Amino acid sequence: MNTEKTFEKLFGELPTVVAQAPGRVNLIGEHVDFLDGFVLPFAISDHTLAAVRARKDSKINLASMQRNGEIFSTSIEDLAPGNKGDWERYALGVLWALGITQGVDLLIDGNVPLGAGLSSSAALECSVATAVNKLFNFRHSLEDLARICQRAENAYVGMPCGIMDQSVSLMSLAGHALLLDCRDLSTRHIPFDLASHGLELLVIDTQVHHALVDGGYAERRGDCEVVSEALGAKALRDVTMEQLLAHKNEFTPTQFVRARHGVSEMQRVREAVTALEKDDFVLFGDLINQTHASLRDDYTVSCPELDLGVEVAQRLGALGARMIGGGYGGSDIALIHAGESAKMIEAIRLAFKKENFREPRFFTALPSEGAKIISLA
Ligand code: ADP
Ligand code: MG
């Protein structure tokens, strides 16, 4: 893709700044962000590009090559949270949250699969934020940019997402995962050099999205909060497994297993970090397997397609595999030996066909660097 040329064709001049920002995979720490927990995502090599140029008026023109390169026009005066619209709200939300006072021409292009659980939305937001931060010399820190992008998605798009996706897209280092403490938003880079260990990560996008059955996410979250409150803890993060087990009879069976997922998952993230610091990918893979079992049996957010992808990957020698994201569809990840992806993909494809499931999509990912400026006029 030649973004500069396309930009010139669309807007008549070359862009001043081109920035890129990656999508992400969360390795471990699922459904614990709202429990003040820890998450451990990494940036993938697929990224989104934002090319931008300042205008002399207050007009905003934007186009995405993933949306036919059609120009959408508005102006600074018309930026308002709650505006109806489609994809363009992700970019407009960032311009709004940045508080731009001068119009821009903006082109988006990229290869992060949309809606596959790899956070193309954060990649889009962070590419725009990085480019415009440079264009107008705002000098926001990465932490500020993450909050700005989150605000864009929360307030402008209306998606109540946390800050994980934006943090990892902006702050990652190649060959590392990013440990994010959801209580104080502090971060730590954890070595995760898959390539040099002959490993890679396979993403299996089941392409299904089932409706949530037997109670929603709010109910699960509520159950966890009931437990932490009853045990006098600020959040479930402050509850140990010993405490939970000692008070098991004070909770309903459902409350107990929901909390058991939260407590055990936060413990697994800690153990995963220790494993990675020792390059122990076998232990790390085992923890990922345990996370899947916990999401399936205790938190009950898996589905037959996600379970099948995990089962086949595990059977074929993946070091670890689990569902990722909200659940009831979406994607699995499998930590595999590089070079085994073709065999693995074939087997999963066949198994899905046999069950008459939708044909999954597959992506491989390696831990890559975060957002950066790639060209400057
Ligand atoms: P995910 O973040 O997991 O990919 P979301 O539903 O949160 O899924 O975000 C996907 C949405 O983000 C798309 O439907 C589209 O509106 C927007 N989007 C992301 N990347 C692009 C892009 N390159 N061009 C246009 N829109 C994009
Ligand atoms: Mg998203």
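Only the Cβ atoms of Lys and Arg (+1) and of Asp and Glu (-1) were treated as charged; on that basis the dipole of the chain about its Cα centre amounts to roughly 600 debye. Please label the shape of the stretch 168-289 as rounded, prolate or oblate, based on the square roots a ≥ b ≥ c of the eigenvalues of the alpha-carbon gyration tensor (a/c under 1.5 means rounded; beyond that, a/b larger than b/c means prolate, else oblate). Here the stretch 168-289 falls in the prolate category. Considering only Ala293, Ala123, Ala246, the Gaussian network model of the chain with Cα springs below 10 Å gives its largest mean-square fluctuation to Ala246. Residues whose amide H lies under 5 Å from that of His210, counting only those 5 or more places away or on a different chain, are Gly329; hydrogens are built 1.01 Å from N in the peptide plane.
Given the stretch 177-244, what whole percent of its Cα pairs are spread farther than 18 Å?
Within the stretch 177-244, distances greater than 18 Å cover 68 percent of Cα pairs.
What does the C-alpha gyration tensor say about the overall shape of the stretch 193-364? Classify as rounded when a/c is under 1.5, otherwise prolate if a/b is larger than b/c, or oblate. Note, shape of the stretch 193-364 comes out oblate. The residue list Leu178, Leu124, Leu287 was ranked by how far each Cα lies along the charge dipole of the chain toward its positive end, using unit charges on Cβ atoms, and Leu124 comes out on top.
Taking only DSSP H segments of four or more residues, each worth -39500 (n - 2.57), what value at 222 nm results for the chain once the sum is divided by all its residues, to the nearest 500 deg cm²/dmol?
Calculated mean residue ellipticity at 222 nm is -12000 deg cm²/dmol.
Straight Cα distances below 25 angstrom link Lys56 to the lysines Lys5, Lys9, Lys134, with same-chain residues fewer than 8 positions distant left out. Relative contact order of the stretch 290-352, taken over Cα pairs closer than 8 Å and 6 or more residues apart, is 31 percent.
Rounded to the nearest 20, the size of the Cβ-charge dipole of the stretch 128-221 about its Cα centre is 360 debye, with Lys and Arg at +1 and Asp and Glu at -1. The relative contact order of the chain, computed from alpha carbon pairs under 8 Å that lie at least 6 residues apart in sequence, is 23 percent.
Its Cα centre serving as origin, the stretch 223-377 has a Cβ charge dipole (Lys and Arg +1, Asp and Glu -1) of approximately 380 debye.
Computed packing ranks the peptides 46-53, 190-197 as 46-53, 190-197, most packed first, by mean other Cβ atoms within 10 Å. Quick one: plug the Kirkwood hydrodynamic radius of the chain (C-alpha pairs) into Stokes-Einstein at 37 °C, 0.692 mPa s, and report D in µm²/s. My calculation gives 153 µm²/s for D. Taking θ as phi - 60° and the Karplus parameters 6.51, -1.76 and 1.60, the scalar couplings of the stretch 272-284 work out to 5, 4, 4, 4, 5, 5, 9, 6, 8, 6, 5, 4, 4 Hz in sequence order, x denoting glycine and proline. The Cα atoms of the stretch 91-199 give a gyration tensor whose axes a ≥ b ≥ c have a/c of 1.5 or more with a/b greater than b/c, which makes the shape prolate. In straight-distance terms, cross-link reach from Lys84 covers every one of the lysines whose alpha-carbon lies under 19 Å from its own, apart from those fewer than eight places away in the same chain; here that gives Lys59.
Bear in mind that the values in this text are calculations on the coordinates, not laboratory data. Keep in mind that this is a model prediction, so the values were computed, not measured. Counting neighbours? That spans all protein chains shown, and the Cβs are built from the backbone with ideal geometry, glycine included.
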